[in-house]
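Please treat every number below as a calculation from the coordinates, not as lab data. The structure displayed is predicted, hence computed values, not measured ones. Using ideal geometry, Cβ is built from the backbone for each residue, glycine included, and neighbour counts are taken over all protein chains shown.
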Amino acid sequence: MYDLLKEKVLNANLDLPLNNLVKLTWGNVSQVDRALNVFAIKPSGVPYEKLKKEDIVVCDLEGNIVEGNLNPSSDMKTHAYLYRNTEVGAVCHTHSTWATAYAQSGNDVEVYGTTHADSFYGSIPCARYLTAEEVEDDYELNTGKVIVETIKSKSIDYLSMPGILLHGHAPFTWGKDAKEAVTNSLILEEVCKMNILTKIIKTNPEKLPEHISEKHYQRKHGKNAYYGQNKKGEI
Ligand SMILES: [Zn+2]
């Protein structure tokens with residue numbers, strides 16, 4: 001059962017090393033099926049080169065295993081919390097180098113160029129450290145809570161801000177499906193790399209003027225989007 005969902009999640013996870021977004025097993029992708037109230041996720045600790053469709057674990061939104069013989073990713077509870085508390089269709093977590101460097105700095109990712117503005121509407125927030133109690137109590141669940149708390153406290157529209165950094169940890173991105181969540185991780189990684197290089201050239205670069213960032217986001221995602229060959233937002 002859940003064959004198509006597991007296949008999509010397998011392929012999205014295999015895209016992580018292909019896109020140089022993970023080393024070892026430092027990343028995981030999941031996708032939810034809202035009709036069936038389940039999500040499929042990478043198993044814990046299985047190397048990408050050995051990963052097979054039957055290894056993918058299916059869980060309900062409370063985090064109980066519905067199908068699969070292996071333990072789900074240790075970050076499973078973070079994914080489950082995001083599915084219970086947002087409408088996202090898929091979640092991707094990596095420790096990709098440049099985005100993780102940003103997360104370690106605790107800085108938001110400011111908009112310096114149109115690469116950023118094309119896909120992320122505004123500064124990409126860096127969520128706070130978890131407290132000692134949150135880590136001790138239920139680390140992965142509370143990681144999800146801190147992400148949602150940051151989205152809500154900053155009144156962020158998570159559909160136009162498909163990712164976040166977690167201070168001292170790494171990025172989480174999302175999308176309508178697993179493939180899109182991985183694409184957003186790749187974009188976030190490139191944007192963080194460009195920002196860090198920009199700051200080397202100029203310590204305090206100016207932010208991209210709003211009339212340019214607005215134009216770039218809206219031409220791909222706005223109601224009158226015209227970028228690409230297909231319907232809005234698609235390349
Ligand atoms: Zn992590």
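Fewest to most neighbouring Cβ within 10 Å: what's the order for Asp15, Asp33?
Placing the least packed residue first, the sequence is Asp33, Asp15.
Please order Ile56, Ile151 by the number of other Cβ within 10 Å, starting at the fewest. Don't skip to the end; give the middle numbers.
On the way: Ile56 28, Ile151 19.
Ascending Cβ contact count within 10 Å gives the list Ile151, Ile56.
Which of Asp137, Asp60, Asp177 moves the most in a Gaussian network model of the chain with Cα springs under 10 Å?
Comparing Asp137, Asp60, Asp177 in the GNM, the peak value goes to Asp137.
Counting pairs of Cα atoms in segment 132-235, how many percent are more than 21 Å apart?
That tail contains 51 percent of the Cα-Cα pairs.
Multiplying the sequence separation of Thr97 and Tyr129 by 0.36 nm and subtracting their Cα-Cα distance, what value in nm do you get?
9.6 nm
I want the local charge near Thr97. Using Cβ-Cβ distances under 15 Å, sum +1 for each Lys or Arg and -1 for each Asp or Glu among the other residues.
0
In nm, give the distance between the simple-model label positions of Lys215 and Ser160, each being 7 Å from the Cα along the Cα-to-Cβ direction.
So the two model labels end up 1.8 nm from each other.
Stretch Lys176-Glu62 to full length: gain in nm at 0.36 nm per residue minus the Cα-Cα span?
39.0 nm
Given a Förster radius of 35 Å and the C-beta distance between Glu140 and Leu4 as r, what FRET efficiency does 1/(1 + (r/R0)^6) yield to the nearest 0.05?
0.85
Per the helix-only calculation at 222 nm, which mean residue ellipticity applies to the chain, given -39500 (n - 2.57) for every DSSP H run of n ≥ 4 and division by its residues, nearest 500 deg cm²/dmol? Mind showing how you got there, number by number?
On the way: 7 runs with 99 residues, N = 235.
Here the helix-only value at 222 nm equals -13500 deg cm²/dmol.
Mind jotting down a quarter of the surface of the convex hull over the alpha carbons of the chain, in square nanometres, one decimal?
Spelled out: convex hull of the Cα atoms, projected over all directions, averaged, 13.2 nm².
In the chain, which helices (entire DSSP H runs) extend 18 Å or more along their own long axis, judged by Cα positions, while averaging at least 0.5 on the Kyte-Doolittle scale?
178-201
Starting with the highest mean, order 205-217, 107-119 by the number of other Cβ atoms within 10 Å, averaged over the residues of each peptide.
Going by the mean number of other Cβ atoms within 10 Å, highest first, we get 107-119, 205-217.
Provide Phe172, Phe120 in ascending order of the number of other Cβ atoms located within 10 Å of each residue's Cβ, fewest first.
Ascending number of Cβ neighbours within 10 Å: Phe120, Phe172.
Which order do the peptides 190-203, 91-104 come out in when sorted by mean C-beta neighbours inside 10 angstrom, highest first?
Result, highest mean Cβ count within 10 Å first: 91-104, 190-203.
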